[in-house]
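*Asks:* First, the structure itself, so that you have it in front of you.
The values are calculated or read from the model by the stated rules, or taken from the named source; none is laboratory data. Since the model is a prediction, treat every value here as computed from it, not as a measurement. Every residue, glycine among them, receives a Cβ derived from its backbone with ideal geometry; neighbour counts consider all protein chains shown. Ligands, DNA and RNA are stripped out before the accessible areas are found, and what is left, the full protein with its side chains, is counted by its heavy atoms. Shrake-Rupley method; radii C 1.70, N 1.55, O 1.52, S 1.80 Å.
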Amino acid sequence: MEEEEGFQWSRPGSFILYAIFFLSAAAVSEANIGEFDDYLRQRKLIADAAAEATYKADPLEVANGLNRAVHRSIKREEASARRQMMEEKKKTKKGGKFGGPCKATNPIDRCWRCRKDWATDRKRLARCAQGFGRNTTGGLEGQIYVVTDGTDDDVVNPRPGTLRWAVIQREPLWITFSKTMIINLKEELIITGDKTIDGRGAQVRITNGAQLTIQFAHNVIIHNIHINDMVAMGGGTIRDSVDHFGFRKASDGDGITVFASTNIWLDHLSLSNCQDGLIDVIAKSTGVTISNCHMTNHNDVMLFGADDKDAEDTIMQITVAFNHFGRGLVQRMPRCRYGFFHVVNNDYTHWLMYAIGGSKNPTIISQGNRYIAPPNLAAKQICNRLGAEESEWKHWVWHSEGDLFMEGAIFNATGGPPNLKFNKKNLIKPKSGSYVTRLTRFAGALPCRPGKPC
């Protein structure tokens, strides 16, 4: 009996994974780096090695692991539903989604959010990542550092107590905030590795300034922050570590840029209305999870891979899970190039042009999402394939399973050539899109108060 051919994911050849000189030069230019000195060359070499080590030869195993975790989480939630309903009846006066007993349906939130001791056990969060960023622990091995000063006056010699001072330190740090803050970044905030930025317990809003940049870094968590109205800034001399400062070109005006970085987890962020993208993941970054975020009022939402020429982005592997793509969004949720992207259990309630786009043969696995199409008949298609004729893109693996389609939404699934034929048996069946409202109910930054569940 002939063995059924399944989905075969093979590691890209080294000729793709190692960029030749002119590709590296192009990547550096996109990094807003004015002078690529010996220090930054060394950082890039370390980042390239980290990307190779982080890459998963079998990305389906990671996708399946997340789906299993969702099944377990739903099962536990349903087992306690009757008890919770009885408790809710006693608290009907509270109202709102934060009234009544704590509800944490998705596996990330269930790991920490309903615990009253989250403020004294903050680092428990480091156990909770899922998907391709599941090994991210941020500042777990370091001390807790409390930001007490919301100013950003000196980008070369930042003051202790500021967020900029904390993120450039050599050692791992778990960064928290002493009070509610509005932070206006004077120039790019360049975050070094082994850091957690944890906004729980304070309303922290980074706004009306330059972007957050994770560049040549490994192991970073950004959690429970509002990021909005970021703008391009002129650049200049900026410190990017305790040991180095250098000239930076003008920044792009993204919310967050992840550049040549690995093991990155962005969770419970509220993002809106930035000049360029809300989240860009580019330049051979991999091992990334974007989860529980609420995104609104923006055109180009998420970009995964900056240029069709960057074939090294074949190594890119990203999980997009439990996010709410809300009002005022236009396109790129995400827009992908080359790599492997697991888009699972997200709520797409608004888009004006399309939801998911891509070029250069990205593999996109859409599972258990809810897609609510806009009234415009010309925008019912969820997918937009760019830069290729149908004779080419019909072979790209864009797969839909368990998705819920509403208001005429259409996902035009495509397969691969014979040696990349997709077989559903290779995937764990996801929780269907009908569960999405429960899984994403608490997307965005949370109003956490010490001594109470978030």
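*Asks:* Can I372 be described as crowded, with 21+ Cβ neighbours inside 10 Å and of a type in the set (A, V, I, L, M)? Full working, then the answer.
*Replies:* Details: crowded, with 21+ Cβ neighbours inside 10 Å: no; of a type in the set (A, V, I, L, M): yes.
Answer is no for this residue.
*Asks:* Any idea how many residues of segment 263-292 are polar (S, T, N, Q) and either touching an Asp or Glu at 6+ places or on another chain (Cβ under 7 Å) or farther than 24 Å from V70 by Cα (or both)?
*Replies:* The first filter runs over segment 263-292 and keeps only residues polar (S, T, N, Q), leaving 263, 270, 272-273, 275, 285-286, 289, 291-292.
Adding the requirement that they be either touching an Asp or Glu at 6+ places or on another chain (Cβ under 7 Å) or farther than 24 Å from V70 by Cα (or both) leaves 272-273, 275, 285, 291-292.
Of the residues in segment 263-292, 6 are polar (S, T, N, Q) and either touching an Asp or Glu at 6+ places or on another chain (Cβ under 7 Å) or farther than 24 Å from V70 by Cα (or both).
*Asks:* Are there any pairs with C-beta distances below 7 angstrom linking a residue in segment 419-440 that is over 18 Å from P362 (Cα atoms) and surrounded by 13 or more Cβ atoms within 10 Å (Cβ to Cβ) to a residue that is among the basic types (K, R) and at pLDDT 65 or above, with the two at least 6 apart or on different chains, and if so which?
*Replies:* From residues that are over 18 Å from P362 (Cα atoms) and surrounded by 13 or more Cβ atoms within 10 Å (Cβ to Cβ), the pairs are I428/R68; G433/R370; V436/R370.
*Asks:* Does segment 180-197 contain any residue that is more than 18 Å from the chain's Cα centre (by Cα), under 22 Å from V288 (Cα atoms) and touching a residue at least 24 places away in the same chain (Cβ under 8 Å)? Break it down into steps so the answer makes sense when it comes.
*Replies:* Narrowing segment 180-197 to residues more than 18 Å from the chain's Cα centre (by Cα): 180-188.
From the residues that got through so far, the ones that are under 22 Å from V288 (Cα atoms) too are 188.
Cutting the leftovers down to touching a residue at least 24 places away in the same chain (Cβ under 8 Å) gives us 188.
So far as segment 180-197 goes, yes, one or more of its residues are more than 18 Å from the chain's Cα centre (by Cα), under 22 Å from V288 (Cα atoms) and touching a residue at least 24 places away in the same chain (Cβ under 8 Å).
*Asks:* Test A63 against the criterion of being of a type in the set (A, V, I, L, M), out of contact with any Lys or Arg (no Cβ under 9 Å at 6 or more places or on another chain) and at pLDDT 95 or above, and give yes or no.
*Replies:* Values: of a type in the set (A, V, I, L, M): yes; out of contact with any Lys or Arg (no Cβ under 9 Å at 6 or more places or on another chain): yes; at pLDDT 95 or above: no.
No, not satisfied.
*Asks:* Identify, by number, the condition in (1) touching a Phe, Trp or Tyr at 6+ places or on another chain (Cβ under 6 Å); (2) within 27 Å of T437 (Cβ to Cβ); (3) at pLDDT 95 or above that H399 doesn't meet.
*Replies:* (3)
*Asks:* Considering segment 355-365 alone, what residues qualify as being free of Cβ contacts under 8 Å to residues at least 40 places away in the same chain and open to solvent by 10 Å² or more (accessible area, probe 1.4 Å)?
*Replies:* Residue satisfying the conditions is N361 alone.
*Asks:* Now for a different question. Taking the stated definitions as given, is G201 open to solvent by 20 Å² or more (accessible area, probe 1.4 Å), at positive phi and either modelled with pLDDT of 95 or more or under 22 Å from the mean Cα position of the chain (by Cα) (or both)? Walk me through it before giving the result.
*Replies:* Values: open to solvent by 20 Å² or more (accessible area, probe 1.4 Å): yes; at positive phi: yes; either modelled with pLDDT of 95 or more or under 22 Å from the mean Cα position of the chain (by Cα) (or both): yes.
When the stated conditions are applied, G201 passes them.
*Asks:* Pick from G277, G287: which is in a loop (DSSP other than H, G, I, E, B), over 21 Å from A202 (Cα atoms) and within 13 Å of the chain's Cα centre (by Cα)? Lay out the reasoning, then the answer.
*Replies:* Numbers: G287 fails: in a loop (DSSP other than H, G, I, E, B).
Only one candidate passes the filter, namely G277.
*Asks:* OK, next. Only one residue in L163, L140 is over 22 Å from Q42 (Cα atoms), in contact with a Lys or Arg (Cβ under 7 Å, 6 or more places away or on another chain) and of a type in the set (A, V, I, L, M, F, W, C). Which one?
*Replies:* Details: L163 fails: in contact with a Lys or Arg (Cβ under 7 Å, 6 or more places away or on another chain).
Only one candidate passes the filter, namely L140.
*Asks:* Kindly provide the set of residues from segment 115-163 that are outside any loop (DSSP other than H, G, I, E, B), within 29 Å of T319 (Cβ to Cβ) and open to solvent by less than 60 Å² (accessible area, probe 1.4 Å), ordered by number.
*Replies:* Hits for segment 115-163 are R122, K123, R124, L125, A126, G131, F132, G133, Y145, V147, L163.
*Asks:* Just to verify a result, which residue in segment 111-158, among those that are of a type in the set (K, R) and within 25 Å of T437 (Cβ to Cβ), is farthest from the chain's Cα centre (by Cα)? Outline the logic, then answer.
*Replies:* Quick first cut of segment 111-158, residues of a type in the set (K, R) only: 113, 115-116, 122-124, 127, 134.
Right, trim to within 25 Å of T437 (Cβ to Cβ) and you get 113, 115, 134.
Numbers: R113: 19, R115: 24, R134: 12 Å.
Going through the qualifying residues, I end up with R115.
*Asks:* Right, next: Name the pairs whose Cβ atoms lie under 6 Å apart, with the first residue in segment 334-347 and more than 20 Å from G65 (Cα to Cα) and hydrophobic (A, V, I, L, M, F, W, C), the second open to solvent by less than 10 Å² (accessible area, probe 1.4 Å) and at pLDDT 95 or above, and 6 or more positions between them or separate chains?
*Replies:* C336/F304; C336/G358; C336/P362
*Asks:* State all residues of segment 232-256 that are outside any loop (DSSP other than H, G, I, E, B), open to solvent by 20 Å² or more (accessible area, probe 1.4 Å) and over 24 Å from L173 (Cβ atoms); if no residue qualifies, say none.
*Replies:* Result: F247, single match.
*Asks:* Follow-up question, since we're still on this one. Considering only residues that are surrounded by 24 or more Cβ atoms within 10 Å (Cβ to Cβ) and not hydrophobic (A, V, I, L, M, F, W, C), look in segment 318-333 and name the one that is farthest from A49 (Cα to Cα).
*Replies:* Per the stated criteria, the residue is H324.
*Asks:* Right, here's the next one. Can you run down the residue pairs with Cβ atoms below 9 Å, 6 or more apart or on separate chains, where the first is in segment 385-414 and part of a helix (DSSP H, G or I) and the partner is of a type outside the set (A, V, I, L, M) and open to solvent by 60 Å² or more (accessible area, probe 1.4 Å)?
*Replies:* Going by the 9 Å Cβ cut-off, the qualifying pairs are E392/N361; W393/N361; W393/G387.
*Asks:* Would you be able to tell me the number of residues in segment 297-320 that are β-branched (V, I, T), under 15 Å from the mean Cα position of the chain (by Cα) and either farther than 18 Å from V220 by Cβ or part of a loop (DSSP other than H, G, I, E, B) (or both)? Quick ask: steps written out before the conclusion?
*Replies:* Of all residues in segment 297-320, those β-branched (V, I, T) come to 301, 314-315, 318-320.
So of that shortlist, the ones also under 15 Å from the mean Cα position of the chain (by Cα) come out as 301, 318-320.
After this cut, where a residue has to be either farther than 18 Å from V220 by Cβ or part of a loop (DSSP other than H, G, I, E, B) (or both) as well, the list is 301.
Of the residues in that region, 1 qualify.
*Asks:* Follow-up question, since we're still on this one. Condition check: modelled with pLDDT of 95 or more and closer than 20 Å to V70 by Cα. Does N323 satisfy that? Show your work before the answer.
*Replies:* On the way: modelled with pLDDT of 95 or more: yes; closer than 20 Å to V70 by Cα: yes.
Judged against the criteria, N323 is a match.
*Asks:* Now, a different point. Given the criterion among the β-branched types (V, I, T), at pLDDT 95 or above and within 10 Å of the chain's Cα centre (by Cα), identify the matching residue among V242, V258. Spell out the reasoning first.
*Replies:* Details: V242 fails: within 10 Å of the chain's Cα centre (by Cα).
Only one candidate passes the filter, namely V258.
*Asks:* Listed residues I175, I108; which is within 22 Å of the chain's Cα centre (by Cα), outside any helix (DSSP H, G or I) and among the aliphatic types (A, V, I, L, M)? Reasoning before the result, please.
*Replies:* Working: I108 fails: outside any helix (DSSP H, G or I).
Just one listed residue meets the conditions, I175.
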